[in-house]
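Report on one structure; see the data block that follows.
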Amino acid sequence: MDQDHPQLLPDPYPAPKVLGENDCYAKLLLHDYAGISGELTAISQYIYHYLTLYCSHPEVARTARMIAINEMHHLELLGKTIQLLGTPPVICCANRQGVQFWDARFVYYGNDLYDQLTANMKQEMDALRNYRNHQRDIHDPFIRELLDRIILDEEHHLRLFSQYRDELCRKA
């Protein structure tokens, strides 16, 4: 773990690479990219929590900011992978009606520290579930390797948010 930034794991990321263009894989990754539990939602939610918690809980706020920056890196890697798969990295994902563009209503703003940390834990758990499902459905070894690495980060983020909630939000 990076001593200056304990929110970040030192493991390197594989460069975006694919076996070939694949619209189905791109559609799956668009959910991780800009879906309700995707990277863009996490970034927006964690930056909002950083801004609203900075005065009352500066350590939690700084952690949320660093995690948001890490999620930005995931967004970039997924966007490049989606492009390699032959699909533009538009901020949207497929749904039953066709396309759903990202919406700020995806963000859970929260009311207090406990509420925000719980929402962040849910965001990470949902992301982990989606990544694992997509990893099962995607048979490209390069994409699977990238998802393996992103999953490590998401598990770490979940641990950090859980630790803060356990330490700072004990119920009397």
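A compact table of results
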| item | result |
| --- | --- |
| Residues being more than 15 Å from Ile67 (Cβ to Cβ), out of contact with any Ser or Thr (no Cβ under 9 Å at 6 or more places or on another chain), touching a residue at least 12 places away in the same chain (Cβ under 8 Å) and not hydroxyl-bearing (Ser, Thr, Tyr) - total across region 106-121 | 0 |
| Complete set of residues in region 83-121 that are within 16 Å of the chain's Cα centre (by Cα) and part of a helix (DSSP H, G or I) | Ala104, Phe106, Gln116, Leu117, Thr118, Ala119, Asn120, Met121 |
| Single condition Val99 does not satisfy, out of (1) open to solvent by less than 20 Å² (accessible area, probe 1.4 Å); (2) free of Cβ contacts under 8 Å to residues at least 24 places away in the same chain; (3) among the aliphatic types (A, V, I, L, M) | (1) |
| Meets criteria (open to solvent by less than 50 Å² (accessible area, probe 1.4 Å), without any contact (Cβ under 8 Å) to a residue 24 or more places away in the chain and out of contact with any Gly (no Cβ under 9 Å at 6 or more places or on another chain)) for Asp153 | no |
| Extreme residue, farthest from Ile43 (Cα to Cα), among residues of region 129-150 that are of a type outside the set (A, V, I, L, M, F, W, C) and open to solvent by less than 60 Å² (accessible area, probe 1.4 Å) | Asp140 |
| Flag for Glu124 being assigned to a helix (DSSP H, G or I), open to solvent by less than 10 Å² (accessible area, probe 1.4 Å), in contact (Cβ under 8 Å) with a residue 12 or more places away in the chain and charged (D, E, K, R) | yes |
| Out of Leu78, Leu19, Leu30, sole residue that is touching a helix residue (DSSP H, G or I) at 6+ places or on another chain (Cβ under 8 Å) and open to solvent by 50 Å² or more (accessible area, probe 1.4 Å) | Leu19 |
| Verdict on Arg159 being on the phi < 0 side of the Ramachandran plot, outside any helix (DSSP H, G or I) and not hydrophobic (A, V, I, L, M, F, W, C) | no |
| Residue count for region 81-96, restricted to those that are open to solvent by 20 Å² or more (accessible area, probe 1.4 Å) and not basic (Lys, Arg) | 10 |
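The values are calculated or read from the model by the stated rules, or taken from the named source; none is laboratory data. These numbers come from a predicted model, not from an experiment. All Cβ positions, even for glycine, are placed from backbone atoms using ideal geometry, and neighbour counts span all protein chains on display. With ligands, DNA and RNA removed, areas are computed over all heavy atoms of the protein, side chains included. Shrake-Rupley method; radii C 1.70, N 1.55, O 1.52, S 1.80 Å.
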